[in-house]
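Values in this text are rule-based calculations from the coordinates and carry no lab data. It should be emphasised that the depicted structure is a prediction, and the values quoted were computed from it without experimental measurement. Every residue, glycine as well, gets a Cβ built from its backbone with ideal geometry; the counts of neighbours run over all protein chains shown.
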Amino acid sequence: MFGAVADFVSTQQGDSAEFIRKVQALAVGVARDYEPARLYIIRIDNWFGPKWMHFAGTFTAGKHASIGAHKMRLRVPPFVPHRVLAEQVFLGPEYEQTVAAEPLHIECPSKLALKRLIADIDKDAAFLWFSGESEAQGRGAVMAYLPDGSDGPARRRDGLRGCGAFYAGFSLRNGDWEPAMLRGVSRGEVAHLEESGRSVTGDSLALASK
C-alpha cells in the first residue's frame, strides 16, 4: 500500500533525499487522513512560495496594471505547463493503481484560469504539489488541496482552519529540514501528517527515495 506513491515521489537530480522523504510522508498522511477517492501529485520544477495557495490567476486593472486574485473557493493554481515536471493520479483506497487523466495545468487565458475550480476537475480528490531542486536551493515547498467538504481525523484533532488547503515551506537549517513558512496548517498538523505517513510505509519510503 502506497508503494506507487513512494516510487513516484522519489529523489531526482537536485533534490534533497530528506526533503523528498518528508514529501512522501505528507502525501501518504493526506491520503490516510482524508481518504480521497483519488490523489493527484504534481512535481513542480523548483520552489514556489505561499502566495500560490488560493492563487487563481490575474486580471487587468486599467491599461498597464494586473492584479493577482486569491479565491477562498479553490481554483487550479495557474502554474504554467513547462514548470510541471511530472504528475500522476493514484486511485484510492490503496493508491497503488494509477489512472489516466488530462494534464491539470494547461495554457489558457487568465479569464479562463480564474474559472477553473478544483471541484470541477475532481471534487472527491486531494491534490498535492511539491517542489524540485530542494538540495540545490536549500528550501522546498509542499501544497495540498483537500477533497471538497472533507473532514478527516487530522482536521478534527488539530484543525486545518477550515480552508481546505495548506502550504508547508521547508528550509535546511543546521543540517535538518524544518518548517519555515506555514499557511493553513500548524507545526503540530505537519508533524501529525508526517507521522501518519511514515507509520504505514516505514522504511519503504526511505528505500524508495534512494
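Counting 0.36 nm for each residue step from ARG173 to ASP7 and taking away their Cα separation leaves a gain of 57.1 nm. Here the gap between LEU182 and HIS82, fully extended at 0.36 nm per residue and compared with their Cα-Cα distance, gives a gain of 33.4 nm. Compared with the direct C-alpha span, the chain from VAL99 to HIS70 gains 7.4 nm at full extension, assuming 0.36 nm per residue.
Put a dot 7 Å past the Cα of GLN137, heading toward its Cβ, do the same for ALA119, and the two dots end up 3.1 nm apart. GLY49 sits among other residues whose Cβ lies under 11 Å from its own Cβ, and their net charge, with Lys and Arg +1 and Asp and Glu -1, is +3.
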